[in-house]
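In what follows, a structure is listed as structure tokens, so that the remarks can point back to it.
No lab work stands behind these numbers, since they all come straight from the coordinates. Quantities reported herein were computed from a predicted structural model and do not represent experimental measurements. Reconstructed Cβ throughout: ideal geometry from the backbone, glycine too, with neighbour counts over all protein chains shown.
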Amino acid sequence: MPAIVAGKVCKVGRMYSRSNMMRKRIGVLGVLVGVGMGLSSHAGVAEAALYETGFEAPDFTLGQNIHGIEGWSNTANHATATISDDAAASGSQALKITSTGGGSTDQINHDVASQAGQVLGQISVGMRLRIDTLTSSLDGRDMTLVIRGIDESTNTDADMVTISFKRSNSDTVANQIIVRNGFTDVSVGTWTAEQWMDLEISLDTEADVFNLSINGDMAFGSEGADFRSNRSMADLTNVQFRHTVWLTSSYFVDDYIVVPEPASLALLVLGGALCLRRNRKRTLPSQR
């Protein structure tokens, strides 16, 4: 995922001008990573990835239904998820997901835990996403990218991060991208049909915060955003692409990767803010 990686390294120096120590640490890391990328063509990140795919051969074949392969599943009644060469961010193939707009909530799921075991700490989920069509005769219909994990309070699987892509014929603002911050929905921009977006979701299961990068721009400030409903996340379990009822959709996913820190370059950007937040939480009153 060279474009995503390069974007994060370039943003490091600007984001932490308030902290000289953090800027120096991240600056050095950014230089080392940049040198490493030049020498190894992104091999270091690939080797450290918990899971990574560009949906290319020989792991995936053209026209193949992704259900049952490498932790992917399709529980949708009205959607298909197949390997396609209609569009690709890199290489020649990508995952194409289409929905015919039936009367049930459909989802395409990737079971990260089945591929990587327990995933906790600081993690980055990255991908390239291209939406061609999202339409419905009803308002409030959308496609939602969902990060799921174990809720510490209930020890059950729950939604932790939800990023909703609103339909293109919305009665309000078309093509909105809505992210849930705690209990509040926040608009973080819009999507453009038939254009690839670089998405990176940086998670911290210790501080219970996350941040979203869209084409290299961070959606939230240095404090990040809270997990959905202010949940405490024990570990990452699944990544889902979820469709509401009566939504006709067609979109592509490519260069999908799950990376732990310190291999995650996105977390070099987010890490300073998260560390400062954790330190504030853990500092004793007598030490302030």
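Couple of notes before you dig in:
- Rounded if a/c under 1.5, otherwise prolate or oblate - the range 47-118, Cα gyration tensor axes: oblate
- A cut-off under 12 angstrom between Cβ atoms defines the neighbours of Glu70, and their net charge, with Lys, Arg +1 and Asp, Glu -1, is -3.
- Phi to ³J(HN,Hα) by Karplus 6.51 cos²θ - 1.76 cosθ + 1.60 over the range 60-74, Hz, x for Gly, Pro: 10, 10, 4, x, 6, 6, 6, 4, x, 10, 6, x, 7, 8, 10
- Each residue, Val173 and Thr154, gets one label point 7 Å from its Cα in the Cβ direction; the gap between the two is 3.0 nm.
- Computed from backbone phi, the HN-Hα couplings of the range 201-212 come to 10, 9, 10, 10, 7, 8, 8, 6, 9, 8, 9, 10 Hz, rounded to whole numbers (Karplus: 6.51 cos²θ - 1.76 cosθ + 1.60, θ = phi - 60°; Gly and Pro given as x).
- Over the range 109-248: Kirkwood hydrodynamic radius from C-alpha pairwise inverse distances, Å: 15.4
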